[in-house]
Amino acid sequence: DSSTAGAILNSGDIAVTGGGGVGAHGILVNTALAATGSVENAGTISASGTGGDESGTAGIYIFSMESGAILSNSGTITASPVQGAFSLYVETGNGASISNSGRLDGGLYLGGASLSSTGTVAMPVGVTGFIGGDYIQSGSGVLEIGVESSSVGGYGQLRVDGTADLTGSDRVDV
């Protein structure tokens with residue numbers, strides 16, 4: 001069995017820097033996160049790159065999540081504001097649901113996973129986030145989209161393949 005069944009908890013500060021084509025990860029689960037597994041962040045995770053090469057850099061990177069696995073953020077996760085750097089990266093979500101009551105700032109890639117947020121989700125200028133499932137924003141939730149110009153790359157984007165529901169909190173800051 002190649003899955004992670006325990007809990008990974010962060011309530012401190014994690015800062016990672018990658019570069020030269022080598023990504024860095026604040027928390028890395030390079031197997032499947034089992035249905036009984038969890039990754040919970042209540043602290044601060046920042047991921048950045050050097051020399052303009054942030055590819056593969058992520059605050060939290062999870063290869064795969066089984067349905068029932070828990071990924072929650074009540075702290076702050078940031079990534080360099082460029083394509084290829086991610087606050088959260090889940091390669092295969094298998095219908096998993098991720099919760100955010102803190103701040104996610106930077107690229108997102110949630111393949112097959114949904115995101116429920118009462119916190120802030122920020123897409124800086126030039127960054128595209130992807131949610132393969134649903135996006136539900138409620139309570140005091142905020143979606144921040146960075147804008148410098150109307151040119152391609154002059155604004156942030158959040159692409160949702162499922163349903164985007166902002167009715168619980170229709171706050172979008174530009």
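The values are calculated or read from the model by the stated rules, or taken from the named source; none is laboratory data. In this text the structure is predicted, and so the values were computed from the model without any measurement. In this analysis, Cβ positions are derived from the backbone assuming ideal geometry, glycine residues included, and neighbour counts consider all displayed protein chains. Note: accessible area is taken over every heavy atom of the protein model, side chains too, but ligands, DNA and RNA are not part of it. Shrake-Rupley method; radii C 1.70, N 1.55, O 1.52, S 1.80 Å.
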Segment 72-153: GluC sites (Glu not before Pro) in DSSP coil with no more than 12 other Cβ atoms inside 10 Å: E148
Max mean-square fluctuation residue, GNM over the chain, Cα-Cα springs under 10 Å, options G156, G107, G146: G146
In whole angstrom, largest first, the equivalent ellipsoid semi-axes that the Cα gyration tensor gives for the chain are 23, 20, 14
Kindly write out, for segment 58-70 in residue order, the coupling ³J(HN,Hα) from the Karplus curve 6.51 cos²θ - 1.76 cosθ + 1.60 (θ = phi - 60°), rounded to whole Hz, with x marking Gly and Pro. 8, x, 10, 10, 10, 5, 7, 10, 7, 4, x, 5, 10
Can you run phi through the Karplus equation (6.51, -1.76, 1.60; θ = phi - 60°) for segment 102-112 and list ³J(HN,Hα) in whole Hz, with x for Gly and Pro? x, 10, 10, 10, x, x, 10, 9, 10, x, x
Take every DSSP beta bridge whose two residues both sit in segment 32-132, then give the antiparallel share in percent to the nearest 5. 5
Taking the chain as a Gaussian network, where each spring joins two C-alpha atoms under 10 Å apart, which residue of L71, L28, L158 fluctuates the most? L28
Let me have the relative contact order for the chain, percent, based on Cα pairs under 8 Å that are six or more residues apart. 15
Using the heavy atoms of the protein chains alone and a 1.4 angstrom probe, what is the accessible area of the chain per residue in square angstrom? 43
What does the charge count around A164 come to, taking other residues whose C-beta lies under 13 Å from its C-beta (Lys +1, Arg +1, Asp -1, Glu -1)? -3
So, with a 1.4 angstrom probe, what is the percent of accessible area on the chain that is carbon and sulfur? 49
Whose amide H sits under 5 Å from the amide H of E144, counting only residues 5 or more places off or on another chain, with H placed in the peptide plane? V121, A122, M123, D173
Report the charge-dipole magnitude of segment 1-148 in Debye, nearest 20, computed about the Cα centre from +1 at each Lys and Arg Cβ and -1 at each Asp and Glu Cβ. 120
Ignoring ligands and nucleic acids, T17 exposes an accessible area, probe 1.4 Å, in Å² to the nearest 10, of 90
Exposure of Y155 as accessible area (Å², to 10), given a probe of 1.4 Å and all protein chains: 70
